[in-house]
Amino acid sequence: MNVVLYNPRAQRSHRRLPLSLLALARVVPAPHTWTLVDDNVDREAALALDRACALPDTVLFVTVMPGPQLRVAVPVCRALKARFPHLRIWWGGYFPGIHTDACLAESWLDGVVTGLGEPTIPALLRALASGGGLSSVPGIAWREGADVRRTPGAPIVASSSYPDFPYERVDMQRYAARTFLGERTYNHHSSVGCPYVCNFCAVVNVYAGRWLPDPAEHVVRVARRLAREYRADAIEMHDNNFFAWEKRTREVADGIVDLHLSWWGEGRIDTMLGFSGETWEAMARSGLRMVFYGAESGDDEVLARMDKGGLRVADIGSLNRLARRHGIRPEFSFVLGTPGDPEQEAERTFSLIRTLKRENPDCEIILYLYTPVPLPGMFDTAAAGGFAFPKTLDDWLNPPWSSFAQRRNPLTPWITPRLIRRVSEFETVLNARYPTYTDVRLGRAPRRVLQALGRLRWEAGVYRAPLELRLLHKLLKYRQPEEMGF
């Protein structure tokens, strides 16, 4: 059987290893063969996809995140099925895992992998090759007549239980990305899940608070391979929470210090506040340059409603000061527009951001609007107000849902156009006064011009109608920090 792994275009300059597909590739059993087509780095991706899918006895696996990938994946897969009726198409990833019924409403889609692919793909390929039933394959959904059938997922195990990623089968040079971390930045994922259950986070839908980390020695071995074989000078750790366990963090930091890498990862404020001073010093020595944190809100009541595990606004400030002392830049993400009094919450968050920037100008700020995730809590409030997800993929592709995944127009009944405008105006002034460190294309002179013009509004607290700053952002092709992420 011919296996084709397709990574739809995600966003501009997205030169990151498609780890979800490499994870599948490493478990494709012989005698099946696999081909990886990555629309993010391959200029001839459309032609390569056509050639691969034209072969008989082919199954196409597509990883689909909401937003840009979904908008690409739907027309591409629909056209492929029309040209090659023999082709079997299976989707996996966050979007089909959550919105399975909407995906399976499409006649051209054969099925969905609803959980981790590694335990599912070998069993699925065996079933497809033999022509047998699918009921014994773990973690999938498919149509039988008018019904959608589902099987329970396999037990989750650590990624290190499987073979290493097959780097040797892809052109690693194409994935050596120039980022704020380095000239040859690669990405890695060293754990499965997250040990926390924030009720607005899609990770909870899949892992329900389970977290299985690779051993520190495994992480160090991968880092050394990337540095020595592929000349990596920087690594992005794409774990949902890399820093959940201090002992492992310390062992990784000590194990890579001699590589002189720069690196980045995601962590939790309350967890890392509990790290010892020695661990913070070890992280700094190892080249840790930035950590992404879900700060979420400047309102303690909202943090409690989000199930943030006792995180308080004061903790955000403490982490900001602690990180500055150790020279590790914090990247704070805020989710505005939750149920309750979203306008008051936004103003409190703006006030907190101003304090964070005053105490540590190097901290990064990312702003989102809350988008409902089907978990008990805030989603129930949204549903009670009439919020409901689309039933078809065509509806997902059309306005206003086409912008839903970017958290710019969340379609929740309590968010007003006034609030959306207020957040956008604040963000524009913030990004002028403090241009993101992550936009490596923004030169020193343009950065100074932005800062000079933004300073006037920032210091006066005047955010309304920043037309001159928006024009300047457009002329400079300024890229906001969330655009530079993975």
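The equivalent ellipsoid that matches the C-alpha gyration tensor of the stretch 438-486 spans semi-axes of 20, 13, 11 angstrom, in descending order.
Placing unit charges on each Cβ (+1 for Lys and Arg, -1 for Asp and Glu) gives the stretch 104-230 a dipole about its Cα centre, and among Trp108, Gly182, Gly145 the Cα reaching farthest toward its positive end belongs to Gly182. Farthest towards the positive end of the charge dipole of the stretch 206-273, among the residues Trp245, Trp263, Leu212, is the Cα of Leu212, using unit charges on the Cβ of Lys, Arg, Asp and Glu. A viscosity of 1.002 mPa s and a temperature of 20 °C, combined with the Kirkwood radius over C-alpha pairs in the Stokes-Einstein formula, give the stretch 256-361 a diffusion coefficient of 148 µm²/s. Relative to the globular-protein estimate of 2.2 N^0.38 Å, the Cα radius of gyration of the stretch 99-189 stands at 1.44.
Simple point charges give the picture: +1 on the Cβ of Lys and Arg, -1 on the Cβ of Asp and Glu, and for the stretch 261-301 a dipole about the Cα centre of about 440 debye. Recomputing Rg and Dmax of the Cα atoms in Å from the coordinates shown identifies the correct label among (1) 22.7, 70; (2) 24.9, 84; (3) 22.1, 77 as (1). Amide H contacts for Ile140 (H built 1.01 Å from N in the peptide plane; partners 5 or more residues away or on another chain; cut-off under 5 Å): Thr114, Thr151. Over all Cα pairs of the stretch 13-90, how is the pair count split among 10 Å bins, expressed in % and running from 0 up to the last occupied bin? Values per bin, smallest distances first: 16, 53, 29, 2. Here the label points at Ala158 and Val449, each 7 Å from Cα along the C-beta direction, are separated by 5.2 nm in the simple model.
Residues in the stretch 451-484, backbone N under 12 Å from the label point at Ser424 (7 Å along the Cα-to-beta-carbon vector): list them, ranges by number please. Those under the cut-off are 465-467, 470. When the charge dipole of the chain is built from unit charges on Cβ atoms (+1 for Lys and Arg, -1 for Asp and Glu) and taken about the Cα centre, the candidate among Pro68, Pro195, Ser424 whose Cα reaches farthest toward its positive end is Ser424.
A 1.4 Å probe run over the protein chains yields, for the chain, 42 Å² of accessible area per residue, whole-number rounding.
Would you mind telling me the share, in percent, of accessible area of the chain contributed by carbon and sulfur at probe 1.4 angstrom? Carbon-and-sulfur percentage of accessible area, whole number: 52. Can you give me the angle between helix 342-359 and the longest principal axis of the chain, using Cα atoms only, in degrees from 0 to 90, rounded to the nearest 10? The two axes meet at around 70 degrees. Ellipsoid fit via the Cα gyration tensor, the stretch 225-306: semi-axes of 27, 14, 9 Å, each the root of five times an eigenvalue, largest first. Here the stretch 1-46 is assigned +1 on the Cβ of each Lys and Arg and -1 on the Cβ of each Asp and Glu. Its dipole about the Cα centre then comes out at about 200 debye. Rg then Dmax, both in Å and based on the Cα atoms of the stretch 157-239: 14.5, 41. Charge tally around Gly92: other residues with Cβ under 13 Å, Lys/Arg +1 each, Asp/Glu -1 each, net -2. Provide, for the chain, the number of lysine pairs with alpha carbons under 27 Å apart, each pair being eight or more places apart or on different chains. Close lysine pairs found across the chain: 5. Less than 5 angstrom separates the built amide H of Leu369 from those of Leu336, all sequence-distant by 5 or more or on a different chain. Here the extension length gained between Leu397 and Glu301 equals 31.1 nm, from 0.36 nm per residue of separation less the Cα-Cα distance.
Taking each DSSP H run with n ≥ 4 as -39500 (n - 2.57) and averaging over every residue of the chain yields -11500 deg cm²/dmol at 222 nm.
Relative to the current alpha-carbon distance between Asp341 and Arg221, full extension at 0.36 nm per residue lengthens the span by 38.3 nm.
The values are calculated or read from the model by the stated rules, or taken from the named source; none is laboratory data. Every value quoted in this text rests on a predicted model; they were computed, and no experiment measured them. So basically every Cβ, Gly included, is an ideal-geometry build from the backbone, and we count neighbours across all protein chains shown. Just so you know, the surface numbers come from the protein's heavy atoms only, side chains and all, with ligands and any DNA or RNA stripped out. Shrake-Rupley method; radii C 1.70, N 1.55, O 1.52, S 1.80 Å.
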